[in-house]
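Student: Sharing a structure below in structure tokens format, with a few things to ask.
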């Protein structure tokens with residue numbers, strides 16, 4: 001949902017810092033020998049992601065150097081993400097890259113962790129690849145299961161490589177009953193391919209965005225309806241509608257697809273809201 005710049009972090013430095021102060025033993029030797037393979041696999045990831053073919057990358061559960069899946073994952077668990085370790089600085093840097101601390105996958109909740117876009121359980125060689133690590137809220141991290149992307153259209157939006165804010169695709173509809181509530185849905189822009197739309201729809205469903213946004217939307221409009229009603233009485237419908245349009249425009253100057261813009265648009269186009277609900281509010 002929110003586009004992020006790719007981390008400007010060298011993979012070779014990440015590996016070196018993860019190996020820093022690791023006890024010299026067989027495990028360290030195997031992981032040290034896996035360094036070039038980790039770098040090569042990370043470069044392949046970057047190239048495939050840039051050309052929209054990340055679903056074609058094959059899982060590998062161990063390195064050619066003999067480092068096991070568990071040993072590779074331990075670079076992330078025990079070094080990259082662990083407080084007090086040399087490599088923790090990269091974890092913190094990626095966490096802080098999210099604008100205003102908001103999760104780029106849902107655009108609403110606060111970032112609490114990093115998500116492996118391709119799961120480390122299936123791609124342990126990518127466990128400490130910065131391009132594969134997305135700042136994320138705890139709920140989105142749980143909602144996105146550790147499955148494989150079997151096709152391009154099943155890939156969720158990748159904040160480092162995908163631009164899904166070029167058109168409006170997140171919409172809402174006002175449910176014509178009291179108390180006010182909304183349902184959110186995806187809309188296919190004319191300029192989009194079927195594949196791109198299916199990816200947006202899949203992202204919307206995987207992260208449960210309708211259920212996430214509904215209570216926020218109801219709370220927002222419930223809190224504003226009194227002032228909107230008073231404005232109607234003082235200024236008339238034309239002025240109030242222009243104010244709603246201004247709010248839609250202001251929201252979409254930042255991001256085209258926010259639940260707030262979708263909610264204001266749903267109100268703007270609702271005949272029931274303007275002809276029944278608002279004139280009778282408070283009576």
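Throughout, read-outs are computed from the coordinates displayed, never taken from laboratory work. Every value quoted in this text rests on a predicted model; they were computed, and no experiment measured them. Please note: Cβ atoms are built from the backbone with ideal geometry, for glycine as well, and neighbour counts cover all protein chains shown.
Student: How much length, in nm to one decimal, is gained on full extension between residue 269 and residue 78, taken as 0.36 nm per residue of separation minus their Cα-Cα distance? Working shown, then result.
Tutor: Working: separation 191, 0.36 × 191 = 68.76 nm, distance 5.30 nm.
That pair, residue 269 and residue 78, stretches by 63.5 nm at full extension.
Student: What do you get for Rg/Rh over the range 170-277 if you use C-alpha atoms and the Kirkwood form of Rh? Can you show the working numbers first?
Tutor: Details: Rg = 14.8 Å, Rh = 14.8 Å.
A ratio of 1.00.
Student: Relative to the longest principal axis of the C-alpha atoms of the chain, give the angle of the C-alpha long axis of helix 35-50, reported between 0 and 90° and rounded to the nearest 10°.
Tutor: The answer is roughly 30 degrees.
Student: Got the relative contact order for the chain handy, in percent, Cα pairs under 8 Å and 6 or more residues apart? Walk me through the numbers on the way to the answer.
Tutor: On the way: 399 pairs, mean separation 49.4, N = 283.
In percent, rounded to a whole number, it is 17.
Student: For residue 16 and residue 122 in the same chain, what is the full-extension length gain: residue separation times 0.36 nm, less their Cα-Cα distance, in nm?
Tutor: Result for the pair: 35.9 nm of gain on full extension.
Student: Choose one answer from 74, 151, 138: the residue with the largest mean-square fluctuation in a GNM of the chain with alpha-carbon springs under 10 Å.
Tutor: 151
Student: Continuing with the same structure: I'd like the FRET efficiency for residue 249 and residue 222, computed as 1/(1 + (r/R0)^6) with the beta carbon distance as r and R0 of 25 Å, rounded to 0.05.
Tutor: Numbers: r = 23 Å, r/R0 = 0.91.
That gives a FRET efficiency of 0.65.
Student: In terms of the Cα gyration tensor, with a ≥ b ≥ c the square roots of its eigenvalues, is the range 1-158 rounded because a/c is under 1.5, prolate because a/b exceeds b/c, or oblate?
Tutor: Working: a/c = 1.89, a/b = 1.31, b/c = 1.44.
Cα axes put the range 1-158 in the oblate bin.
Student: What order do you get for 220-226, 167-173 when each peptide is scored by the mean count of other beta carbon atoms within 10 Å, highest first? Walk me through the intermediate numbers first.
Tutor: Numbers: 220-226: 14.6, 167-173: 19.1.
In decreasing order of mean packing, 220-226, 167-173 become 167-173, 220-226.
Student: Over what distance in Å are the Cα centres of the range 19-88 and the range 141-181 separated?
Tutor: Using only Cα atoms, the two centres lie 30 Å from each other.
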